[in-house]
Amino acid sequence: MDAPVLVEVTRGPEVESRHRGQIAVVEAQGQVKHQVGDPEALVCMRSLAKPFQALPVITSGAAEKFEFGPQELALFSGSLSGQDFQVGLVTQILFRLGLSPDVLQCGSHAPLHRPSAQALAQAGARPTPLMHTCAGKHASMLALCVHQGWPLQNYLAPEHPVQQLILRTIARMVGIPPDKIPVAIDGCGAPVFYAPLKNIALGYARLAGAKADSPGGVLMKAILDHPRHIAGDGRLDTDVMLALPGKVFAKSGAEGGYALALAEGGLGVAVKIEDGASRALNPTVVGVLEQLGLLTPEARGKLAAYVSPPILNHRKEEVGRIRPVFVFS
């Protein structure tokens, strides 16, 4: 069965393109509250796994040992933009661990933050692993290795103790036995995990509903208090969290994945755009928030650019729109 259409792309009076996908809204007890399409659809979590990958830093005692506070915990959970304040914090974390930046095995790319990338190019400098969108996640893995005395050279290998610990943590959060979770390799070289959409939403619901003094509650508060470390300036994740302060943890993943942890109500949301198109995500996510009754007039105003983005031609004239068309069942 085809996935339902979530987003239409218009040109003039007609629909030129359509993006299909699935949405699941789940309570912390596992009940699907709303859905569009098939909540059982198998989805590669990609960066949606990052907050779950960060949890062992707290549960292992590494956060206490290395005095990682809310900023560091948020950074471990984010997909970074390579802005100076993020690069600086990753550098500080590695220094605290007694490590140099060359121990990061995530590879390099230009900062996602366009002004930072432009400044780097104008300076004639090359990107470093510190600017990688997954630098925070890799720093958390290295922190676990140093804390536990595990080898650093092959910390990305699926059989490495740090990756096995992460797999068990993810399994617990999404409610699936570890041996039932398919494992692949992410763009940064780390293992990445598949789960049904509703189980990804369940993991985020468990974060949303975690008790304040629990590891999940500590992590959730750190994330909500530091939205700029979850993505960066001018990105949907951070802008949603700034528009709805203390209410929503918004997290993007590659290939059209997205998740939300809703602090009020303890709900988790997971989205998958079937064709992986990033342009469909912004109106979908804002549409989800609107249908759940979370958008105040003020928040809607702050997120107006994401609601139904215009299609511009090369003359900067508006020729169409990207608009959400789904309705929760």
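The numbers here are math on the coordinates, done by the rules we state, and not lab data. Remember, it's a predicted structure, so these values are computed and weren't measured experimentally. Here Cβ is always computed from backbone atoms with ideal geometry, including for glycine, and neighbour counts include all displayed protein chains.
One table, with the values for the structure above:
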read-out: Count of residues meeting criterion [under 22 Å from I93 (Cα atoms), acidic (D, E) and part of a helix (DSSP H, G or I)] in the stretch 211-257; value: 1
read-out: Cross-chain or 6+ apart pairs with Cβ under 7 Å, the stretch 76-103 first and within 25 Å of P151 (Cβ to Cβ), then not in a helix (DSSP H, G or I); value: S77/I230; L94/S100; R96/F66; L97/F66; P101/T128; V103/L152
read-out: Which listed residue is touching a strand residue (DSSP E or B) at 6+ places or on another chain (Cβ under 8 Å) and among the hydroxyl-bearing types (S, T, Y), from S60, S108, S79; value: S79
read-out: Residue match in the stretch 42-58 (condition: within 21 Å of the chain's Cα centre (by Cα) and farther than 30 Å from D233 by Cα); value: yes
read-out: Residues of the stretch 149-164 classified as part of a helix (DSSP H, G or I) and either in contact with a strand residue (DSSP E or B) (Cβ under 7 Å, 6 or more places away or on another chain) or surrounded by fewer than 20 Cβ atoms within 10 Å (Cβ to Cβ) (or both), total; value: 3
read-out: In the stretch 175-199, the residues that are touching a strand residue (DSSP E or B) at 6+ places or on another chain (Cβ under 6 Å), under 28 Å from P129 (Cα atoms) and among the β-branched types (V, I, T); value: V183, V192
read-out: Test result for G98, surrounded by fewer than 21 Cβ atoms within 10 Å (Cβ to Cβ), small (G, A, S) and farther than 16 Å from C188 by Cβ; value: yes
read-out: Lone qualifier among A184, A201 - being touching a residue at least 60 places away in the same chain (Cβ under 8 Å), in contact with a Pro (Cβ under 9 Å, 6 or more places away or on another chain), closer than 30 Å to V36 by Cβ and not in a helix (DSSP H, G or I); value: A184
read-out: Enumeration of residues in the stretch 205-214 that are more than 19 Å from P70 (Cβ to Cβ) and in contact with a strand residue (DSSP E or B) (Cβ under 6 Å, 6 or more places away or on another chain); value: A205
read-out: Test set (1) assigned to a loop (DSSP other than H, G, I, E, B); (2) out of contact with any Pro (no Cβ under 7 Å at 6 or more places or on another chain); (3) under 24 Å from R235 (Cα atoms) - F85 fails condition number; value: (1)
read-out: Which numbered condition T238 misses (of (1) in contact (Cβ under 8 Å) with a residue 60 or more places away in the chain; (2) closer than 22 Å to F85 by Cα; (3) buried (at least 20 other Cβ atoms within 10 Å of the Cβ)); value: (1)
read-out: Residue check for A195: crowded, with 21+ Cβ neighbours inside 10 Å, under 22 Å from S79 (Cβ atoms) and out of contact with any Asp or Glu (no Cβ under 9 Å at 6 or more places or on another chain); value: yes
read-out: Which numbered condition E318 fails, given (1) within 16 Å of the chain's Cα centre (by Cα); (2) surrounded by fewer than 21 Cβ atoms within 10 Å (Cβ to Cβ); (3) not hydroxyl-bearing (S, T, Y); value: (1)
